1. Only residues that are open to solvent by 20 Å² or more (accessible area, probe 1.4 Å) and in contact with an Asp or Glu (Cβ under 8 Å, 6 or more places away or on another chain): list them for the stretch 49-62, please.
2. Counting just the residues of the stretch 184-203 that are part of a helix (DSSP H, G or I) and touching a residue at least 24 places away in the same chain (Cβ under 8 Å), which one comes out surrounded by the fewest Cβ atoms within 10 Å (Cβ to Cβ)?
3. Is it true that Lys170 is closer than 26 Å to Gly262 by Cβ, of a type outside the set (A, V, I, L, M) and buried (at least 16 other Cβ atoms within 10 Å of the Cβ)?
4. Of all residues in the stretch 1-38 being assigned to a strand (DSSP E or B) and open to solvent by less than 10 Å² (accessible area, probe 1.4 Å), which is nearest to ligand 2 (Cβ to nearest atom)?
5. Could you tell me which numbered condition Arg233 fails, if it satisfies all but one of (1) over 26 Å from Leu73 (Cβ atoms); (2) surrounded by fewer than 19 Cβ atoms within 10 Å (Cβ to Cβ); (3) out of contact with any Lys or Arg (no Cβ under 7 Å at 6 or more places or on another chain)?
6. Collect the residues in the stretch 149-180 that are in contact (Cβ under 8 Å) with a residue 24 or more places away in the chain and among the charged types (D, E, K, R), keeping them in residue-number order.
7. Within the stretch 63-81, identify whether any single residue is touching a residue at least 60 places away in the same chain (Cβ under 8 Å), open to solvent by less than 30 Å² (accessible area, probe 1.4 Å) and part of a loop (DSSP other than H, G, I, E, B), and answer yes or no.
8. Mind listing whichever residues of the stretch 144-167 are among the charged types (D, E, K, R) and either open to solvent by less than 10 Å² (accessible area, probe 1.4 Å) or closer than 24 Å to Leu124 by Cα (or both)?
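The values are calculated or read from the model by the stated rules, or taken from the named source; none is laboratory data. Quick caveat, the model's predicted, so the values are computed rather than measured. We place every Cβ from the backbone using ideal geometry, glycine too, and count neighbours over all the protein chains shown. Keep in mind that these areas ignore ligands, DNA and RNA; they rest on the heavy atoms of the full protein, side chains included. Shrake-Rupley method; radii C 1.70, N 1.55, O 1.52, S 1.80 Å.
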Amino acid sequence: MTTTLTIRRPDDWHVHLRDGALLAGIVPHTARQFARAIVMPNLSPPMTDAAGVLAYRARILAAVPSDLEFEPLMTLYLTDETDADQVARGYAERAYVAAKLYPAHATTGSARGVTDVARIMPVLERMQAIGMPLLIHGEVTEAHIDIFDREAVFIERTLAPLVAALPALKVVFEHVTTREAVQFVMDAGAQVAATITPQHLHINRNAMFLGGIRPHAYCLPVAKREEHRLALRAAATSGNPKFFLGSDSAPHDRRLKEAACGCAGIFNAPFALESYLAVFEEEAALARFEGFASEHGPRFYGLPLNAGTVTFEKAAVKVPEVIQADDTALVPFHAGETLNWRLLS
Ligand code: NCD
Ligand code: ZN
């Protein structure tokens, strides 16, 4: 007898779909797995106004295969110049559902990010007043701070003071990677939540150096020590509604990753659910997968839960070594590995 698992249709609360020629090759992977996704605005140039966001949304919808239903939930990219009235107007018009704070130069596409949170306090105060979520890439950027400490230092220097100053602001601490981040989110009020990626549940920092340098295990925030991976696994599988699925799938052309200075980002969209499911099974927490994948996110964002269901079958799935998008070769997370659950379409 085959073993199956059926859950409410899940959503991805953090994904990079890219743009241009790549879009049509990327969007279907996410649309096949998820009903909705929070789409990151770190394009070049970044999505800094409602008109640009709406045009991008239309391009994404045009790339959704006709047999799939998929709703992109858009985000606005905050800069030092972002205007509070304009943010509120676009939110009221439903151009976007949240705004993203990238500390300037923290990661891919963050050059126009915020240089100092103090500069955007009027925007954040307005977001607090209108109940608009702030999504945060939580890393300090100073070169002298060890890259493995940048998330924990960000909590002390920026996040904790911000949450104290704006106690009703809805905050998603994106792609948390440390024990400190898990603890901070658990200790904060219900207005603070976090997303967790599949890669940070599967790998620790050794994966980047396994027999040589491994560019496809490199993303930002970078994977940390084993103790942190274990803290993330405990949080994700705990049933705590503050933690939910956000894949941070971030495809880059294989040639740009396998390079002297390779790009940060792991392309996990094609098998994201199967990847998370492996973790929940290993942790004997399959019964808590639906909450993490399909319930905690919409409840935090104040959106309805999805109506349909998806079913997984206990069956081996071989992840390809390479996936093509347009003329671009992408190496997926788990390339060449076999996963134990298969999403039935
Ligand atoms: C993301 C990208 O490539 O856009 N890269 C990554 O390593 N996660 C940017 C980001 O989310 O930090
Ligand atoms: Zn991201």
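1. Scanning the stretch 49-62 gives Ala50, Arg59.
2. So the residue we want is Met186.
3. No, not satisfied.
4. So the residue we want is His14.
5. (2)
6. Within the stretch 149-180, Arg150, Glu151, Lys170, Glu174, Arg179, Glu180 qualify.
7. no
8. Scanning the stretch 144-167 gives Arg150, Glu151, Glu156, Arg157.
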